[in-house]
Structure formats: C-alpha cells, structure tokens
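Quick notes on the structure that follows.
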Amino acid sequence: MVAETISPIPSAVRVPIKFYPIALDRVRYVGEPIAVVIAEDRYVAEDALELISVDYEALPATADPEAAMADNATLLHEDVGSNVVHHRTFQYGDPDGAFERADRVVKLDWRYPRYASTPMETYGMVANFEKQPDRYTIWSNFQGPFILHALMTGALGVPGNRLRLITSPHSGGSFGIKQAMFPYMVLLAACSRLLGCPVKWIEDRLEHLTASSTGADRADGVEAAFSKDGELLALKFNNIVNVGAFVRAPEPASVYRMHSASNGCYRVRDIAVENRLVVTNTTPIGLNRGYGGPQFYYALERVMDAGAKALAIDPAEIRRRNFIQPEQFPYKAPAGATYDSGNYETGLKKALDLAAYDALKEAREEARAEGKLFGIGMAAGIEPSGSNMAYVTLAQTPEERAKAGGRSGGLGTATVSVDPSGSVTVKTVSTPAGQGHQTVAAQVVADALGLRPDQIDVITEVDTLTSAWSLASGNYANRFSAVVIGAIANAAEKVATKIKLIAAENLEVAPEDIELVGGNAQVVGVPEKALPVRRLAAQTHWHPAGLPEQMEPGLFETTIMNPEMLDAPDDQDRVASAVTFGYVFDLAAVEIHKDTGKIEVVKYVSVHDVGNVLNEIVVEGQIYGGFAHGIAGALLEEFVYDAGANPQAGTFADYLCITAPEIPDLTIGHFNTPSPHNTLGAKGMGDGSSMLAPTAIANAAADALDTFDVNLPLTLNKNWSAANGRPYERAGAAKAKVGDGPREEGAVEGGLKGEGTVELSASPIEVWELLLDPDTLAAVVPGCEELTQLSDDSFSAEVKIGVAGIKGVYSARIDLRDKIEGESVRLVGKASGGLGFGQGEGVVELEHISENRTRLSYSYSANVGGKVAAVGQRMLGTVTKLLIGQFFRGFDKRLRNVNGNSRRVSIGAILKRLFQGRY
Amino acid sequence: MLRIKPDQKQRVTLTVNGKLVSGYAQPRLLLTDFLRHEMGMYGTHVGCEHGVCGACTIIIDDVATRSCLRYAVQCDGLELRTVEGLAEPDGKLNTLQKAFNENGALQCGFCTAGILMSATKFLQDNPKPDRDEIKEMLSGHICRCTGYEQIVRAIFQASGQ
Ligand code: FES
Ligand code: FES
C-alpha cells in the first residue's frame, strides 16, 4: 500500500533496478523494511511486530561480491541481467606502454572489509503530511539536503517546495551515515499521508547496525609499474565494489570520489581504472568517513610498500622520489583534479623526524634478532574536500553525460545578517554533527566585523523552504572548511563593507580608512574617531533614507558561491573533483605477539596539511576522531555476514566499536600550506587518518609478518594464524547449509556451537523416556506454546522466544536419528519465524553415574539467519546457554516429580531448546 | 513481594538530583524511557539499549549504572543523579564540565552525558587517576567522534593534577 504512494528512487547508475524504501514481493537483504508498524508508543509497536508472520520462499543469497559475479549466481535484479550493475573502464595516458617499459611490476589483490562509523545517535525523524496545499514536512537529523532532496521529491511525486526538510541544528554524529536515511524519510512521509497524522521513528541500534548504511567492502586489485630506481611509471586499479542489494544514491560515488586523484601524491601520469559495482544480499552501502578514501589508499599505498620491498628501496624513500614537487602546484592530476597546494616531502620528513625513523628501524632489527614480529608501515595521501557533485556522473559514459545535460558544481551558501537591535546572526546550510562549525563560523564573522565570537549567533538548522540552499548543501565531504566557510567569510565581508561605508560617511573619511575593531568602526589608528558597529548596523534598518547613496537598506547578505574550478567532467573523463587537497602522512610501527596474536601499535605518527588552521582544538579533535575510525577499521570493526548473507553483528557486543584503551598513542605533526582556493586559506579536513590508518597498519603488519597477504581487520585470530603459519578460520565457524547459495558448503561464518553436560536425578532410561515425552517437553521447554508429535521420531513445535528484544514465534521441526535407547540420539532440526530461521544438529548422550544419577552430555552446532542472527553470536550464545540451563532445571524438577512413572520420551524438545531456542 | 500485572501502571517515586519526583510506569518501561519521556529529562541519552555504549549512564544510589538496563519500577525509592544535576543551579558548569568544554572533549555530545556521570563517580573514588586508569574507566563508553584523547585530557585536568 505504501509503495503505491511512492515511485522508485533513482541513482546515477542507469540500470533497471527499482529501489523502493520498502520491499515489494522480494526481500533482498536482512534489514530491508518489509512492514511498517505504527502505534501510539514504541512498546505497543514492538508488541504488534511480534504478531506479524511472514512466509518466505527462500532464495539463494550471498554477501560475497565475487560469488555474486559467478556465472550461475542468482540475480538480485532479474531485469538487469547481471549482478554487476555497473562497469566502466578508464584510461589516462598510456598505462599499457608504461607497463611494457617497466623494470618491475608489482601486483596485489585483497578483500577490504565492510565497516561503518556508527554514529552514537541513530536516525530520528517525524514526518507530517498536510493538505491544501499538499505538503510533506519532515523534521530529522538528516545530513542533507544535498541532491537527495530532488530524489525524494521524485519518489513522492511532488515539486520541491512541497517537501520541506527541516534538519536539527545539531546531530549526534554522522560521518556520512546520516545521508542514507532518506529512503526512510520517504517511507515515513508516505505513511503520514496514508494515515493522515504525523508519524515518528527513532531507529534502534539493531536497526541501525543491520539496515542503515556502511562503508563499502571491496574485492580490489592493483598493479604498479616501477623503473629500477623506484619511479612509479603506471598504475592499474581493478575495483570491485560490493554495493549492497541496491544502488542507493549517491552511490556509486564511493568508487568515484578519489577517481580524479588516482595518482595520490605522486607524479605518475599513466593510469588505468576498472570499476565494477556488484549487488549482493547485503545492506546498501553509502557515505562513511573517508568515503572511498580508505579503499583507494589501501590499493595505492600498499602497492607502494610492495614496490619498495621488491626494489629494495626504503618505503619512505620510494615515496619521496615520486612526490609531486612543491613548485608544481597548482598541480593538474591526470584524471582531472587540481591540487591546490602542498609540500609532501617536507610533510614526510616531519613524520620521519617525529617517529625517529632511523632509531625505529634499529629497534625493528633488534626486535627481529630476538625473534619478535616487528614491522613498520606508512601511507601518504591527499584529502580532497568540497566535492564537485559532478564526479558521480563519471559513472556514465561521456555520451550518456552529454545526453543527460551538464552537471557540475558544489555551491556553498551562507547568510550573515544584522537585525535592528544590532545583533548578528549567521546562517549556514551545513548541519554540524560535532565538527564545531558554530565555533569556527562565529570566529570568522567576529573577525570580519570587529566583534567577539560570543556576540555572533550561528544558526545551523536547515529548512529547505526558508534557507538559502542548493543541491550541494549539506554536511559531507569536508565541505565546511573547504567551501562553506568561504561563503560565510564572503557574506561577512559584504556586511563589513556596508558598515564601513556608513561609518565613512558619518566620520567623513574614505571607506578604506575605516577599520572594524573592538565593536567599533573607527578611523584607522584614531580610536577616538569611532562609532559603534551596532549603531551603524541599526541605521540600515531605522534610517534607510540616511544611508550612503545607492546602498540597499537592511543588512542581510547572502553569498552563494561555486568554487570556479568545479566544472563538469570533460569527454576524456577528467573532472576537478574537489576544491582543496589536504595531505596526510601516517607512519605506524607494530609488534605482533606470536603466542596471542595481539597486535600492539608501538608508535603512530600522523602529519597533516590542513591549510590555515581555523581553530586548533577543532582541528585536533577531528584528527584524533579520524584516527580512531581508521584504527578501528584496521584492528576491530567489521560487519560480518555468514555464507547465507545473514548479518552477524547487530549489536555493539559483536560490532566492536573501538574504545579508549584500544587506541594507540598518537603523535600529531603539522605542516600547513595555505590553500589558494578559498578566502581563508583553509582546507577541508576531518577524514584524515580514517583514510590512511588502515593502510599504514596493514603495511606495518605485512612488514612484521613478512607477507603482503594480510587482510583487515587484524583480529587476534587472524594475526595468530599468520604468525604461527596456520590457516585462518573465523571463530565459531560451523558447517551448515542456509539457502542454496554458491558457497553453501563452505564453512559458515558465525555459526553457533556449544556443548555441555548436566547431571540429572534419574536413571538413564528414565531420563531417556522423559526426554522424548511430548507433555514433559511442552511443559519445560521455555516459551513452548504447542508441541506435537508427528511420528515416533519427529516433532513439531511452536515456541515463543525473545533474544535481545527480538521476540517472535517460531515453528520448529525436529527429527530424531540414530537412536540408541537409553544412550544417545542425534537430533536434526530446523525452525523459522517472522524474524529469523535456523537449522542445526546435535547429539545427546546419556551416561549412568549411579542408581539415580545420569550424566547427560550434549553438543550442537547450528546456524541462524534473518534478523535474529544479527544480534550476533555473543548474545545468541549467551541466550542459548541461558535457555539450555532453564530447560534442564525444569527438566530435572519434573524428573524428580515423576520419578517412578514410566513415560514416553521426546528428545525433540531438547533440540528445540537447543536449536530453535535461540532463534 | 509486590506483584504487578504486565499492563498495569505503577507509581514510581524517585529522588532525581535531590528532588523528589514521581510518575507512572508499566513494569516493562525502561528507566531511560521513564526519565526521558515521563520526566522530560532528555539529558540522559540512549545509544544502544543493550548495555554496551554507556551513553545512558547515570548514578543510582551512588553507583554508576546503565539506565537502559533498568526498569523504572525497579528504581522506586532510589536516589538518582543525572547529567542535569551537574551544573550549578544558575547554570554554571562544574569543574568537570568546564574541563570538557575547554579540551574539546565533546564533539557531537551524544556520548557526553554518560561519560560525565561515569567520570563523576570515578573521580569521587579515585581523585588522582593516571591516564591509563582514565582510559580503563572510559572503556565502558563508546564515543565515535573524539577518539577519546581530548576526553582523557579533560578528566585528567578536572582531577586537578
Ligand atoms: S544505551 Fe545504555 S549502554 Fe547503550
Ligand atoms: S562526542 Fe560524539 S559520540 Fe562522543
């Protein structure tokens, strides 16, 4: 019904994928909305949720992009004809020729994990539909409006002014993730229209971790051609992006954000890029801190280390030899980016100094002499900021672009106004999520007007009906210091100019002789000849007739600026993708402990060029924050899916957000080159080490382990396997078959396994009988609503169970196999319900201890799927143990009560307990 | 023991930041929801509702506690301290809050209320902690913005060392 109110939401990839914010007919990933429950309060809504039961016809599913690319893979979108929904190749210069000339070619491929910045505040929104005129209003903590407003109005079938988005002045973190809430906003808007009342949704953490957005996992490869003295001659990137079940805008942008700067910090000009976007049964990906950067640098900066090793050149030295030189700025990159400024070599030297690089290398030799695994890794990168929206259109061929009409730009807007009482307000369309925009904006405007920052009010909420905004407006791609702050400075300058003109006339001097300081407009160097800024400003309202000739009354100055370099892509697929290019150089030293697999980051240095620093604490906070995200991606965080595409990390107990003690000490250095691309010389920043730390750490680990075959995150298990030459197997792996996916027989990641023993107060034969007795089982199985014996050896049951707040009724079927009366039985079962399904098997063995004592041992392995699987092994495991314990307590009590009575038996229940118990 | 039916509302009386307050709660109402939606005290934040992130931390009877893991009815008669009780009555920030402000220890501020409450209790028990002890205490909290460093500094500064 909802879907009838909504049209599919398009993306820049022109393929017949119908992306609705709610599943129609087919569910493509766990977490995809299938029903909306609206109630008076959340508790009631959750009750109602339990009443929904869904009959699924299972289709094969996979979370693995390579499996999805296989010939026989099940198509997610039949109409597309392939799971590869986007494929483009690019060539700059003559990469093939350069590879032929090369003395050395180095090649790497790897899997980049899926992780996300998981803001602490989840999505929240209220949608309301009003009639006459028909208008949707949505209050939310959205990070847009960006181009997404246009997509939303398209989906809702209304003109832009009939969708009013009001975003809160503050947001509890976003890191890009809150761009992805727009399909939910459309869905809620449609619900409000259908119900005729406002509706509200606050996403919970499980919803967030399974169904919001993540960074991209990829199956990439890279080749680099070097001359024998280490000159980087050419690069070939082969990118395979797991985009999730749908291409949700602004995807495929993640793989194009770095594209026009594919040379990184280097002079290399011959570059080939092949991009493929693959749909899999996973949550759609989207913006995440560093957006495309971590994956890109993982290719470039790992292959630089590999090249260094192959040529026996120091990794710092090989980078130095290839850096763009200071005098080459502004530097036109082969794929179209124009780097504004930089001095990469000096930045590198600074990092080496801070790290005491030579001493560190000696420490490595000493450690190795003692048999320790010690490694040093580094990574250099540029940080593009203030995006050109048009870079996304690289997903289209030049011909397609020409047909679609030009796209370019990254408008920044700001309004500075002074009201009749003389107080100053700044309005920006850049909802901050903790990046200190207000602080910086107030400071900039205060400086321009000669006031104190606390006299300036900065309004950051966005209202698409009343704010000055444009397609690029929003808080993303480090836009604030790259673009928005320039617009603010510009608007403030306009106000200052007006005030100076009025002051000049009043004080009878030339406007150039007026300066604004300490709240006054005064004649330069003559503080006695001064008028308060407030009074002059007020005059524009109170006495417009008395203003200098040709001056417009009022002080309400709006600047809309488009950084001039942001043009449309040319027919060679070159585009200036961003306004400013910061620089980051990271260096890490790690030790991997052989006996535990622990990876210890013994040193981490990060040097930044952020242009002119607007506010030190804000800049420092962004650097530490970005570093934490990068380290987390390197060491801990991953959205794991099992072989049946069931997400395994639906709580913070399984999605391991990095905490304070896990973050290594960080030494920060600065080497700033002011940007000529904005008034204040500032560069965007904030991604910083989130882009480089994964690579620097991986390089260090590779150095320690003496292999290039390392994969993130570097968990204890992985490191230990690598350090001890053992094959790596993910913890908790169990063999099970969920669906008929291409990897059906593979080890199932995240399966449940367990075993235990209990002592029971009866003889084995009594236990046996009671165990197989349907009545007993119905009574002692926690949550058992109904239990039926289908035949001697099979049972069916309805069980109501809640795991971590996900409650539901499950139907189970259990078969008994290999029965040896009074001794052992094998149970095979499966269960399914609205919120999940599972299957598994177990063995129960009884052993005589004494006359009235029996030891019962059980072991099981199971695999669960669906939403409930997302609560993760940790919780499922705990709940399983809890339920088993509860079962045996009840069972033992019953045994004592009925001792002596002969009973029929049913192990089914144990199984039920053992298996469905946790679904 | 008092038995309450699932949908029966129960009167809950608490001392919050020294003031006696009361409201009605079904047995299943979480303390966080009671504070936020019944009492209108939005200072206590909710980041996960499963006891991991620490955003909801408040002090209950002198113990730093995850309020998302408590039912409101369990807290009847208890004494609560929440972030709203930290500043002076005239709104002046206390030493710890000021230190957070000066050190950039909050960016989005979502995790801050819980961290302030844990840190309050922590400094009460351990007035002169070293950096590692502070980090250890912070391990019960998730902050996605700051990378923790500036929080560590703020708490260290607040301890007056
Ligand atoms: S909300 Fe209570 S610990 Fe996360
Ligand atoms: S300041 Fe944003 S989560 Fe801590």
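General observations
- Scanning chain A for GluC sites (Glu not before Pro) lying in DSSP loops with no more than 13 further Cβ atoms inside 10 Å, the longest uninterrupted stretch between such sites is A:58-369.
- Temperature 37 °C, viscosity 0.692 mPa s: under these conditions the Stokes-Einstein estimate for the range A:87-173, based on its Kirkwood radius over C-alpha pairs, is 184 µm² per second.
- Furthest towards positive pole of dipole, B:Q150, B:Q8, B:Y42, structure part chain B, Cβ charges: B:Q8
- Going by neighbour counts of Cβ atoms within 10 Å, the residues A:M565, B:M117 line up, fewest first, as A:M565, B:M117.
- Reachable aspartates and glutamates from A:K800, criterion Cα separation under 16 angstrom, eight or more residues apart if same chain: A:E46, A:D47, A:E50, A:E785, A:E786
- Mean separation of Cα contacts under 8 Å, 6 or more apart, over the residue count of chain A: relative contact order %: 13 percent
- Dipole in debye (nearest 20) - the range B:10-85, about Cα centre, beta carbon charges: Lys, Arg +1; Asp, Glu -1: 100 debye
- Where N is the number of residues in the range A:521-624, Cα Rg divided by 2.2 N^0.38 Å: 2.07
- Here the extension length gained between A:E528 and A:D55 equals 162.0 nm, from 0.36 nm per residue of separation less the Cα-Cα distance.
- Counting neighbouring Cβ atoms within 10 Å and putting the fewest first, the residues A:I488, A:I313 line up as A:I313, A:I488.
- Put in order of Cβ neighbour count within 10 Å, fewest first, the listed residues A:Y112, B:Y42 become B:Y42, A:Y112.
- Using alpha-carbon coordinates, inclination of helix A:42-51 to the longest axis of chain A, degrees: 40 degrees
- Note on the range B:95-158: Cα-Cα pairs beyond 15 Å make up 39% of the total pair count.
- Over chain B, relative contact order from alpha-carbon pairs under 8 Å, at least 6 apart, %: 23 percent
- For the cross-link pairs A:K598/A:K830; A:K309/A:K594; A:K236/A:K309; A:K131/A:K200, the ones whose C-alpha atoms lie over 29 Å apart are A:K598/A:K830.
- Dimensionless Rg/Rh of chain A - Kirkwood Rh, Rg from C-alpha atoms: 1.04
- Under 17 Å from the A:K332 label point (7 Å along Cα→beta-carbon), backbone N, the range A:252-279: A:260-263, A:267-271
- About its Cα centre, the dipole of the protein assembly as shown is roughly 1360 debye, where the only charges are +1 on Lys and Arg Cβ and -1 on Asp and Glu Cβ.
- Share, in percent, of DSSP beta bridges within chain A that are antiparallel, nearest 5: 85 percent
- Projecting the Cα atoms of A:Q132, A:F90, A:A73 onto the dipole axis of the range A:53-201, where Lys and Arg carry +1 and Asp and Glu carry -1 at the beta carbon, places A:Q132 farthest toward the positive end.
- A:E847/A:D103 FRET efficiency (R0 60 Å; Cβ-Cβ; nearest 0.05): 0.30
- A dipole drawn for chain A from +1 and -1 charges on Cβ atoms has a positive end, and of A:T757, A:I697, A:S481 the residue lying farthest that way is A:T757.
- Efficiency of FRET from Cβ geometry, A:A23 and A:R111, R₀ 30 Å, rounded to 0.05: 0.60
- Relative contact order, percent, the range B:10-85 [alpha-carbon distance under 8 Å, six or more residues apart]: 40 percent
- Extension gain (nm, one decimal) between A:I560 and A:T707, 0.36 nm per residue minus Cα-Cα: 47.8 nm
- With the convex hull drawn around the C-alpha atoms of the range B:9-57, the volume per residue stands at 73 Å³.
- Environment charge of A:H608, counting only residues whose C-beta is closer than 11 Å and scoring Lys/Arg +1, Asp/Glu -1: -3
- Diffusion constant of the range A:338-474 at 20 °C, which comes from Stokes-Einstein with the Kirkwood Cα-pair radius and 1.002 mPa s, µm²/s: 106 µm²/s
- Sites listed here are trypsin sites (Lys or Arg not before Pro) in the range A:88-175 whose DSSP assignment is loop and whose Cβ has at most 16 other Cβ atoms within 10 Å: A:R111, A:K131.
- Rounded to the nearest whole Hz, the Karplus-based 3J(HN,Hα) values (6.51 cos²θ - 1.76 cosθ + 1.60, θ = phi - 60°) of the range A:311-325 follow the sequence 9, 6, 10, 4, x, 5, 5, 5, 5, 4, 5, 9, 4, 5, 8, with x at glycine and proline.
- Applying the criteria of a DSSP loop state and at most 12 other Cβ atoms within 10 Å to the trypsin sites (Lys or Arg not before Pro) of the range A:308-398 yields no site.
- Non-local Lys pairs in chain B, i.e. 8 or more apart or on different chains, that have alpha carbons under 20 Å apart: 7
- Within the shell defined by Cβ-Cβ distances under 14 Å, the residues around A:A48 carry a net charge of -3, with Lys and Arg each +1 and Asp and Glu each -1.
- Shielding value for B:107-114 is 6, the average number of Cβ atoms from other chains within 10 Å of each residue's Cβ.
- Taking the range A:16-51 and a reference point 7 angstrom along Cα→Cβ of A:E785, the backbone N atoms nearer than 16 Å belong to A:46-51.
Just so you know, all these numbers are worked out from the coordinates, no wet-lab data involved. Here the structure is a predicted model, which means the values were calculated and not measured. Neighbour counts are summed over all protein chains in view; Cβ atoms, including those assigned to glycine, are modelled from backbone coordinates with ideal geometry.
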